[in-house]
Structure formats: C-alpha cells, structure tokens
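Derivation of every value follows stated rules applied to the coordinates shown; laboratory data play no part. These figures come from a predicted structure and were not determined experimentally. Because the Cβ atoms are built from the backbone with ideal geometry, glycine has one as well, and the counts that use them run over all protein chains shown.
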Amino acid sequence: MSSPLLTKREPNCQNISFPVTISSYNAQLPTNIDPTSTVIESLLTNLVGWTFDVLVEGTFEIAGSYCEPEVQIPSRANTLQLLVHGGTYDRNYWSGDGAPGYGYRGDEYSWVSYASKQGYPTLAVDRLGNGLSDHPDPIVVVQMPAHVEVLAGVARLAKQGTSPLPRAFEKVIYVGHSFGSLIGNLVNEKYPNLVDATILTGWSNTFLVSGVRDAIGLVALPAQLVDPTQFGDLAVGYMEVSSESGDVYAFFQQGEYDPAMQALDWKRRGTLTLGELLTFPFAIAAAPRYTLPVLVVTAEMDAVFCNPTAGLLPPNCGTGPGNLLAQSASLYPAANPYDWYIVPNTGHCWQLHYNAPDGFNASHAWLEQQGF
C-alpha cells in the first residue's frame, strides 16, 4: 500500500510499505534479560561461545519512503539506491531528520535530495523494529541475522518488481550508515551477488566492543520509561539513549555542526533493541566473495569506528594509505574496486554536520566513476 507525502519540494516521494518474509538463525539469548547497564555490560563481555541456532521465521511489514528523482537521467532510472539507517534513527536520517524536503533547513542535510539531483531513485527504509515498520520481539527476533534477511529481501523485491515500487530495478546500490553498514557488510558476505555496489558510511573494521559496551551500557534504558508518551506501548527490550551528552560524544564533532540540528536530532531520536545490542559485535566479517564496487565514507573524527583507544585519545580515522578505512580493505579482498573517503571536520553522523555536502558529493562522484 502507498500514500503520498506532502509535496512541498522535489523529489517526488511516496510513503510505502510491503511485507518481507524471512527465515534467519538468531542468537540464543535469555528472554528475561534485565535491561540494566550492569547486565548489558556483562553479556557484551562474554561473547565467546555464543550460538546462532534459533530459527526465526515470519513475515514483517517494512515501511519506507520511495522517491523518484527530480532530474531524469535515463541510464539511472532503473538503478535504485537502498538507504539503510543506523541505530536510534529511522528512514528520515537520509533527509535531514525529517520527511524528504522537510528536514532541518530543507534539503541542506539530505542525501535523498542530493541523489535526486543526480537522477537516482531512492528507497529509504525503516529497519525492522524502527519507525513505522513492525516491532516484533526485541530480544528473540530483532537481531543482526534477521536484519540481514530483511534487507536482502527488500533488495530482491526491488529487482523482482513484486514490491509496491513502480517498476523492477535492474540494479540496487546498498547505502548504509553505521548499524545499517554493518548489516550491508553481512549481506555482502552471505549474498555476494545480490547488490550491484555498496556504500558503507560511518563504518570501518576497527570497532571496539569494550568502548561501545561502556558507552551504551551506561546510557541505554527501556524506551517505555525514557519516553512513555512515544514509546509506552513497546516491549521492555526496546531501548532508548537517555544521555544527551553521551549521544553528542558518539555522533557529533564539537564545533562542526549546527546546535539546532543536534537538538532536533536528539528530540527525534528513536530506539534500538537488546537483540541488536548483543549481536552487532559479530557483524565485522570478511566478504571475500563480493567482487563488486565498495566505497567506505566515514567521518574524520568518528568516535564509533575510528576510536581504537576507546577515548584515551581523540578519535581519528588517520591519513594516508595506512588510515583505518584503507586498512578495512582486508574485509573486501575481491571488491573491484574498494575505495574510501574520509569526510573532513565531521563526527560519526557526518550527514548531520556542516560538511555533509562534501560526503554527498564524494559518494555520488564515485558512483559516476563506477558507471552508475
């Protein structure tokens, strides 16, 4: 089913939703986890020996925003950008924390708008358990393996033409951010011939579980307690960040963002699940069979993926051929090509910083170089 969005600006967008049927093997987690910082930290400390043998099957409704580009370029009309947001966000991350055309300062922070001007159709989805998509069990179901199957299913539907999208797409470009990039990495590992190119933003292979464990464990609380008005009907395993200072440290670089943008981002923050928190450390995996183009676009001062000292030193992705993004090529030995770009003067959520257009431009210039 579909319904029109407000049409104040181009591109021409619609809200859509569609069922995705999955079968995944999730981790065997205790269903009665007490969502306290101590328990979360303890579980993240003892990752060795976990088994992913719990079969999860079901059909889930996935919501998204589909946008036809305002600039028509025939060679790009059948190439879809599939946009997958990070943790605590929804589809609106890709359009400045608002519906397309209605984000902060209009289109200034909008990947969707930039892609539209380059002639690319886009589909920004709410991941399972986020936004307007279904919210199943946050411990048993909403884990990393289930996300992989859902996003792989969305890509297949786009290519088959059986979704509510207007046509079957010849090519799908997977564009992820942070948690969405972790999912994309695993999609490429498991289904190396599914998506035709991959852009991983807010990502590298340098990811310290200890640092994230400490940060998340201290500030994530049940969303129904933090914001009962918005999330009061969610199960206890749906979590929300409760420390604004912690959120700023993780996602923003001091002096490089509009304070009003950050305030809006905090006000509109979403949730993450216990199942996600406990299974995302397994998402840094090699994809040796993926032979298609890969671009990594990460902030210069990314506190999540370029913070190898866990805060002892300021986060920095490095410079030159030995930087952390270049080193991440080890996960994609067969990618053709594997490229990287460090977005200057930005933090983890670089799409929400003053210099966001620089990252937008670099990403789309690369797509053009690859013939998309």
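Give a residue-ordered list of calculated ³J(HN,Hα) values for the stretch 278-291 (Karplus: 6.51 cos²θ - 1.76 cosθ + 1.60, θ = phi - 60°; whole Hz; x for Gly, Pro).
8, 10, 5, x, 8, 8, 7, 9, 6, 10, x, 8, 7, 10
Around residue 82, under 12 Å between beta carbons, what's the net of Lys plus Arg minus Asp minus Glu among the other residues?
Values: positive: 91, 127, 156, 159, 171; negative: 196.
After counting each charged neighbour, the total is +4.
Between the stretch 246-284 and the stretch 111-177, how far is it from one alpha carbon centroid to the other, in angstrom?
Cα centroid of the stretch 246-284 versus Cα centroid of the stretch 111-177: 20 Å apart.
Could you pull the Cα extents of the stretch 123-214 along its three principal axes, largest to smallest, in whole Å?
45, 29, 20
Using a Gaussian network for the chain with springs between C-alpha atoms less than 10 Å apart, which of these wobbles most: 279, 206, 51?
51
Run the count for the chain, please: Lys pairs, Cα-Cα under 24 angstrom, 8 or more apart or on different chains.
Working: 8/117; 8/267; 117/159; 117/171; 159/171; 159/190; 171/190.
Lysine pairs satisfying the spacing and distance rule in the chain number 7.
Going by average Cβ density within 10 Å per residue, which order do the peptides 339-352, 79-92, 322-335 take, highest to lowest?
Numbers: 339-352: 23.6, 79-92: 25.6, 322-335: 18.1.
Listed from highest to lowest mean packing, they are 79-92, 339-352, 322-335.
Net charge near residue 317: determine it from the other residues with C-beta under 12 Å of the C-beta of residue 317, scoring Lys and Arg +1 and Asp and Glu -1. Let's see the in-between values first.
Values: positive: none; negative: 300, 302.
Counting the neighbours of residue 317, the net charge comes to -2.
Putting +1 on Lys and Arg Cβ atoms and -1 on Asp and Glu Cβ atoms, find which of 366, 225, 124 reaches farthest to the positive end of the dipole of the chain.
The one lying farthest along the dipole's positive direction is 366.
Rounded to the nearest 20 Debye, what is the dipole magnitude of the chain about its Cα centre when Lys and Arg each give +1 and Asp and Glu each give -1 at the C-beta? Before the final figure, lay out each step's value.
On the way: 17 positive and 34 negative charges, 154 e Å.
For the chain, the charge dipole is close to 740 debye.
Give the list, by residue number, of cysteines in the chain with no other Cys Cβ closer than 4.7 Å, or say none.
Unpaired cysteines in the chain: 349.
Take every DSSP beta bridge whose two residues both sit in the stretch 2-369, then give the antiparallel share in percent to the nearest 5. Mind dumping the intermediate values first?
Values: 29 of 54 bridges.
Bridges in the stretch 2-369 are about 55 percent antiparallel.
Normalized C-alpha radius of gyration of the stretch 2-369, against 2.2 N^0.38 Å?
Working: Rg = 18.9 Å, N = 368, 2.2 N^0.38 = 20.8 Å.
Cα Rg divided by the expected 2.2 N^0.38 Å: 0.91.
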